[in-house]
1. Just need a number here: residues in segment A:1-45 that are open to solvent by less than 60 Å² (accessible area, probe 1.4 Å), of a type in the set (A, V, I, L, M, F, W, C) and at pLDDT 90 or above.
2. Out of (1) away from chain B (no Cβ under 12 Å); (2) of a type outside the set (Lys, Arg); (3) part of a helix (DSSP H, G or I); (4) farther than 21 Å from B:Cys10 by Cα, the odd one out for A:Ile347 is which?
3. Take the residues in segment A:165-178 that are open to solvent by 10 Å² or more (accessible area, probe 1.4 Å) and within 7 Å of another protein chain (Cβ to nearest Cβ), then tell me which one is nearest to A:Ala371 (Cα to Cα).
4. Does A:Leu188 meet the test of being open to solvent by 40 Å² or more (accessible area, probe 1.4 Å), within 14 Å of chain B (Cβ to nearest Cβ) and closer than 30 Å to A:Leu72 by Cβ?
5. Does segment A:328-341 contain at least one residue that is in a helix (DSSP H, G or I), touching a His at 6+ places or on another chain (Cβ under 9 Å), over 15 Å from A:Leu184 (Cα atoms) and away from chain B (no Cβ under 14 Å)?
6. Taking the stated definitions as given, is A:Gly359 under 27 Å from A:Leu184 (Cβ atoms) and open to solvent by less than 20 Å² (accessible area, probe 1.4 Å)?
7. For segment A:211-235, how many residues meet the condition of being open to solvent by 50 Å² or more (accessible area, probe 1.4 Å) and part of a loop (DSSP other than H, G, I, E, B)?
8. Just checking, which of A:Ile141, A:Ile147, A:Ile121, A:Ile116 is more than 14 Å from chain B (Cβ to nearest Cβ), at pLDDT 85 or above and open to solvent by 80 Å² or more (accessible area, probe 1.4 Å)?
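The values are calculated or read from the model by the stated rules, or taken from the named source; none is laboratory data. Bear in mind the structure is a predicted one, so any value in this text is a computation, not a measurement. Cβ: placed from backbone, ideal geometry, glycine included. Neighbour counts: every protein chain shown. These area figures cover heavy atoms from the full protein model, side chains too; ligands, DNA and RNA do not enter into them. Shrake-Rupley method; radii C 1.70, N 1.55, O 1.52, S 1.80 Å.
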Amino acid sequence: MILEILIAILIGCFTGIITGLTPGLHINLIAVLAFSASPFLLEFISPITISVFIIAMSITHTFLDALPSIFLGAPDSDQILSVLPGHRLLLEGRGYEAVMLTAIGSLAAVILTLIITPLLIPFVKLTYPLIKDYIPYILIISSLFLISKEHKSKLWALLIFLLSGTLGIAVFNLPTLKQPLLPLLSGLFGISILIVSLSEKTKIPPQRITNPKIEKKESVKVLSSGLITSSLCGFLPGIGPAEAAIIASSPFKKISSEYFLLLSGAINTVVMVISFIALYTIDKARNGSVVIISKIMEKLTFSDFIIFLAASLVSAFIAYYLTKNIAKIFSSLITKINYQKLCIGIILFVTAIVITLAGPLGLLVMVISTAFGIVPSLLGIAKNHMMGCLIIPVILYFLL
Amino acid sequence: MNEKRLLKICLVTSILGIFLLLSIAEFSQPKFYQINDITDKQLDTQIKIEGTITKSKDLPGLLLFDLKDNTSKITVVAFKDFQINLTHGQNISVTGKIAEYNNVLEIIADEITIKDDS
């Protein structure tokens, strides 16, 4: 059994490398494939082994997805906020440092989350019934708070939020569209950023392999804020790591690129770990991977939960080591490859995935989402307001 | 291309595109299926079926019932409170998404209409 679980962790980490490094290839897709293959797999292995595979993949993904976000400017929706500070360091030749900041944040946050899990379980159990009926109002208040934090133009931020919500409502109501999230999120957060990068003709300077210099006291402050916010946001539907990162950074008057990367890395991973805790304590699945785990595991016992946490910790250490080494390879390769051709290649690859899995209607959704995704970049507005595409349909689901 | 022009093109494309998608969502009807013809190819897509309620189970916040037509039967899951009384033997039409639970296909109801009260 232990050997089976260790093999599942290793295969999960390997799959997490592929999903993390490939823009547009989401862990949900692999989790769905694992679920489709589960009738066959369950003849040979236990449900917990498949779940551990999904956990290892999901945790590794949250470490590795910083690489395309920082080096290629092609983030997934959870990493949208790390693009700008990450890109800033990349253009200073410090791309490796930027990636390592997110990895340190992720690893430290996993360890801290596991330490406070005995407190988190009763906290989630007590808090959730109290706030359950107020979820849509909490989402509305959080969204308005995020819009109010927009420096450039609050009106445009509100318009972007409302329009993306309308886009989300339209897409989720298309009766024949399979995998609606894939073309929607690939267009809004993936291809649109690549097109903007292409038009800017970015030239990447030679990269240095230097370890980040961070102060212990400031790091503890940033990580604590990230941990508290993730604990509050992790079990709310529609509030993802990007939104949690803005809320967590709000107590700081000014946060440098370095500490923001540390914070966003921490939150990205913690939200994933908290979603496992939410599944165990309140039986709610807050992301695609956890939905699949809840379907595979008929009943989640305390010992299963402990195995999940142990798998998360082991995967986090493996993922940290992988990120460190793959970031070094990226740093040496990024100046040798043709960035423009690479962007075009990724756009074609994601388009092919969308056509295969979501068909012509999916392609139409992707084109419209891409056009819309370019708008905030041109206006200089934060892209996280486009998460309205998920938040507004969730609010309406609860209210109507 | 200058940024202002690109911004205008993207804004117009996205607003027209959103309206186009809303129109498609509003006017495209889910495809009608005989229950026997439903396979995992229809997973995650919205379809319409008609049949008779043969077995039902009332759970907190959830209604489960079997719907039978002249080809086969399927389990219907109604998560939200539908403001209609459903009884054994009723002919109804169900619009919803095909999902898989424990390797069996089922339909998650979005809309239920009573065809007659026979």
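1. Step one: of segment A:1-45, the residues open to solvent by less than 60 Å² (accessible area, probe 1.4 Å) are A:4-5, A:8-9, A:12-13, A:15-17, A:19-32, A:34-35, A:37-39, A:41, A:45.
Within this subset, residues satisfying the condition of being of a type in the set (A, V, I, L, M, F, W, C) are A:5, A:8-9, A:13, A:17, A:21, A:25, A:27, A:29-32, A:34-35, A:37, A:41, A:45.
Keeping just the survivors that are at pLDDT 90 or above gives A:5, A:8-9, A:13, A:17.
Residues in segment A:1-45 being open to solvent by less than 60 Å² (accessible area, probe 1.4 Å), of a type in the set (A, V, I, L, M, F, W, C) and at pLDDT 90 or above: 5 in total.
2. (4)
3. A:Thr166
4. Details: open to solvent by 40 Å² or more (accessible area, probe 1.4 Å): no; within 14 Å of chain B (Cβ to nearest Cβ): yes; closer than 30 Å to A:Leu72 by Cβ: yes.
No; evaluated as a whole, the condition is false for this residue.
5. no
6. Answer is yes for this residue.
7. Qualifying residue count, segment A:211-235: 4.
8. A:Ile141
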